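**Student:** Shown below is the structure under consideration.
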Amino acid sequence: MHQAVADIRAKAEELRDSFGAEGPARALEWAASKLEAALISEADRIVYLPEAARISGYCEGHLARLVRKGQITDMRASASRGRIKVRVADLPTKAGHKHTPPADVHDLASRLFKRGKEA
C-alpha cells in the first residue's frame, strides 16, 4: 500500500511537470493523502487477540506468547488481567498470509460434522 501511495505521488508529479496538468495532479495528491491517513489510522487501531490472529496469520496462542515475552506491546491498562489488546502496527505478519474469509476451515468442518450427525 505504501508503494501504491508513492506511485500515485509520482504520477501527480509527472502530470504537473510533463503536461502542466495542475488540477489532476492536485487531485491525485489529495487521494494519496487520504490513503496515507487511512493507512495510519488502521495501523494505530487496537484489537483483541482473535482479530489480531486474523490480521497477522498467526494463532492467538503464538501472539499471546509474544506479548508475554514483550516482543509485542500489550495495550491493556497496567496490572490488568483482562483480554490482551495489541496495536495492529505491532503485529508480525506471517509470510504468504492471505486474507482469511469469514468462515474459516474450523467453522466449515464443524458445520459438516453437525450435518453428518443430523442426517
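**Student:** What is the one condition in (1) of a type outside the set (Gly, Ala, Ser); (2) modelled with pLDDT under 55; (3) surrounded by 12 or more Cβ atoms within 10 Å (Cβ to Cβ) that residue 92 does not satisfy?
**Tutor:** For residue 92, the exception is condition (2).
**Student:** Take the stretch 17-39 and flag every residue that is outside any helix (DSSP H, G or I) and either open to solvent by less than 50 Å² (accessible area, probe 1.4 Å) or touching a Cys at 6+ places or on another chain (Cβ under 9 Å) (or both). Let's see the steps before the verdict.
**Tutor:** Of all residues in the stretch 17-39, those outside any helix (DSSP H, G or I) come to 20-21.
Of everything in the stretch 17-39, just one residue is outside any helix (DSSP H, G or I) and either open to solvent by less than 50 Å² (accessible area, probe 1.4 Å) or touching a Cys at 6+ places or on another chain (Cβ under 9 Å) (or both), namely 21.
**Student:** Identify the residue in the stretch 95-119 that is open to solvent by less than 80 Å² (accessible area, probe 1.4 Å) and small (Gly, Ala, Ser) and, among all such residues, is modelled with the lowest pLDDT.
**Tutor:** Residue satisfying both the conditions and the ranking: 103.
**Student:** Continuing with the same structure: If you take the residues in the stretch 40-49 that are open to solvent by 50 Å² or more (accessible area, probe 1.4 Å) and of a type in the set (A, V, I, L, M, F, W, C), which one is modelled with the highest pLDDT?
**Tutor:** Only one residue tops the list, namely 46.
**Student:** Mind listing whichever residues of the stretch 50-63 are surrounded by fewer than 18 Cβ atoms within 10 Å (Cβ to Cβ) and either in contact (Cβ under 8 Å) with a residue 60 or more places away in the chain or in a helix (DSSP H, G or I) (or both)?
**Tutor:** 50, 51, 54, 60, 61, 62, listed by residue number.
**Student:** Got a number for residues in the stretch 67-89 being crowded, with 18+ Cβ neighbours inside 10 Å and part of a helix (DSSP H, G or I)?
**Tutor:** Count: 1.
The values are calculated or read from the model by the stated rules, or taken from the named source; none is laboratory data. From a predicted model like this one, the values you see are computed outputs, not experimental measurements. Quick reminder, even Gly has a Cβ in these numbers, built from the backbone with ideal geometry, and neighbours come from all protein chains shown. Just so you know, the surface numbers come from the protein's heavy atoms only, side chains and all, with ligands and any DNA or RNA stripped out. Shrake-Rupley method; radii C 1.70, N 1.55, O 1.52, S 1.80 Å.
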